[in-house]
Amino acid sequence: MRNVSIDLLDDTPRPVVAIGTDYPDGRLLPRHTHRRAQLLYGATGVMQVSTHDGNWVVPPQRAVWIPPGVAHEVLMLGVSTRSLYIEPGAVDLGNRCQVLSVSPLMRHLLMEAVEVAQEYDEAGRDGALIDLLLHELARSAHLPLHIPLPMDSRLLGLCQMFLQHPNAHQAPQQWADQLHISLRTFNRLFRQQTGLSFSQWRQRACVVLALARLAVGTPVTRIALDFGYDSPAAFSTMFRRVLGQAPSVWLEGVK
């Protein structure tokens, strides 16, 4: 099925409803929830997903898992999606959003799934296709493309400002000074609130934000300079440290 709202199909008596949707560039889906879990796959373009506790950037040909009942907002940047709306209990990938890799087999299954009938034959070929798709989903690898956000309002404000204007040279002492606390107290608070050290969070944020720009063709040199890195090589080294691949290799994987 294509370009149909899940609200019209949510009561379908099947464990999975598959829908393909084409979005205009820059379309923002305001915060909403689904009764079913959602696997949101972008065949093209970049998706930016936000919830109350973090942000995720989903590069082309990756997917994001959104558990049932989790309020989320999605910015679509030139995206054609394939979504699976999955009954709670059919597969469980946890109660928090996460970006997932998509194997070539899973990619083909997703493209095919949107062509099956709404009330597909569960004992036939279409039912077997959906079952295999759920098996592939259950074994998908998690990608570190989550920027956790703190609950502390003062710290949250600093994190949000960083996401608007990332700067690789910002030091924890600068943030501690703005919060009027010691560096030691700041480091402890930051890890308690985000699960990462400040330097780990800063690098993760830069990588995730860079992915969205890489996917739309921004040169690595431009990104490196905009983010405050001394050279493209320094940025690439950091990128490789976080994702295990250089930016050029990562881009080859999404073409």
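Measure off 7 Å from each Cα along the Cα-to-Cβ vector at Q192 and Q118, then give the distance between these two points in nanometres to one decimal.
5.2
Is the shape of the chain rounded, prolate or oblate, going by the alpha carbon gyration tensor and its root eigenvalues a ≥ b ≥ c, with a/c under 1.5 for rounded and a/b larger than b/c for prolate?
Here the chain falls in the prolate category.
Only helical DSSP H runs with n ≥ 4 go in: add -39500 (n - 2.57) per run for the chain, normalise by residue count and round the 222 nm mean residue ellipticity to 500 deg cm²/dmol.
Using -39500 (n - 2.57) per qualifying helix, the result is -12000 deg cm²/dmol.
Tell me which of L93, L179, L105 sits at the most positive position along the dipole axis of the chain, charges placed on C-beta atoms (Lys, Arg +1; Asp, Glu -1).
With unit charges placed on the Cβ atoms, the residue in question is L179.
Take the alpha carbon gyration tensor of the stretch 101-145, find the square roots of its eigenvalues, order them as a ≥ b ≥ c, and report rounded if a/c is under 1.5; if not, report prolate when a/b exceeds b/c, else oblate.
prolate
Rounded to the nearest 20 debye, what is the charge dipole size of the stretch 62-123 about its Cα centre when +1 sits on each Lys and Arg Cβ and -1 on each Asp and Glu Cβ?
Using Cβ point charges on Lys, Arg, Asp and Glu, the stretch 62-123 gives about 460 debye.
So for the stretch 149-252, what are the equivalent ellipsoid semi-axes in whole Å, largest first, each being the square root of 5 times an eigenvalue of the Cα gyration tensor? Write down the numbers at each step before the final one.
Values: eigenvalues 144, 32, 30 Å².
So the three semi-axes of the stretch 149-252 are 27, 13, 12 Å.
I'd like to know which of T218, G157, L28 lies farthest towards the positive end of the charge dipole of the chain, counting +1 on Cβ of Lys and Arg and -1 on Cβ of Asp and Glu.
Value computed over the given set: G157.
Once phi is turned into ³J(HN,Hα) by the Karplus curve 6.51 cos²θ - 1.76 cosθ + 1.60 with θ = phi - 60°, what whole-Hz value does each residue of the stretch 96-110 show in order, with x for glycine and proline?
10, 5, 7, 8, 10, 6, 10, 5, x, 4, 4, 4, 5, 5, 5
With r defined as the distance between the Cβ atoms of Q178 and R35 and R0 fixed at 51 Å, what FRET efficiency is calculated, to the nearest 0.05?
So, using R0 = 51 Å, E works out to roughly 0.75.
Treating only the Cβ of Lys, Arg, Asp and Glu as charged (+1, +1, -1, -1), what charge dipole size does the stretch 6-143 show about its Cα centre? Round to the nearest 20 debye. Intermediate values should be presented prior to the final figure.
Values: 11 positive and 17 negative charges, 105 e Å.
Charge dipole of the stretch 6-143: 500 debye, to the nearest 20.
Are there trypsin sites (Lys or Arg not before Pro) in the stretch 1-36 that DSSP marks as loop and that have at most 14 other Cβ atoms within 10 Å, and which are they?
On the way: sites: R2, R27, R31, R35, R36; in loops: R35, R36.
When the trypsin sites (Lys or Arg not before Pro) of the stretch 1-36 are filtered for loop state and at most 14 Cβ neighbours within 10 Å, R35 remain.
With only Lys, Arg, Asp and Glu charged, each at its Cβ (+1 for the first two, -1 for the last two), find how big the charge dipole of the chain is about the Cα centre; round to the nearest 20 debye.
Taking the Cα centre of the chain as origin, the dipole is about 1120 debye.
Evaluate the distance, in nm, between pseudo-label points positioned 7 Å from the Cα of R96 and of S80 along their respective Cα→Cβ axes.
Going from the R96 label point to the S80 one covers 3.4 nm.
Report the relative contact order of the chain, percent, no decimals, based on alpha-carbon pairs under 8 angstrom and at least 6 residues apart.
Value for the chain: 18 percent.
Extending each Cα 7 Å along its Cβ direction at D226 and R154, get the distance between those two points in nm, one decimal.
About 3.2 nm, to one decimal.
When a footprinting reagent is the concern and you count Cβ atoms within 10 Å, what order do R125, R188, R62 take, fewest first?
Fewest-to-most Cβ neighbours within 10 Å comes out as R125, R188, R62.
Values in this text are rule-based calculations from the coordinates and carry no lab data. Quantities reported herein were computed from a predicted structural model and do not represent experimental measurements. All Cβ positions, glycine included, derive from the backbone under ideal geometry; neighbour counts span all protein chains shown.
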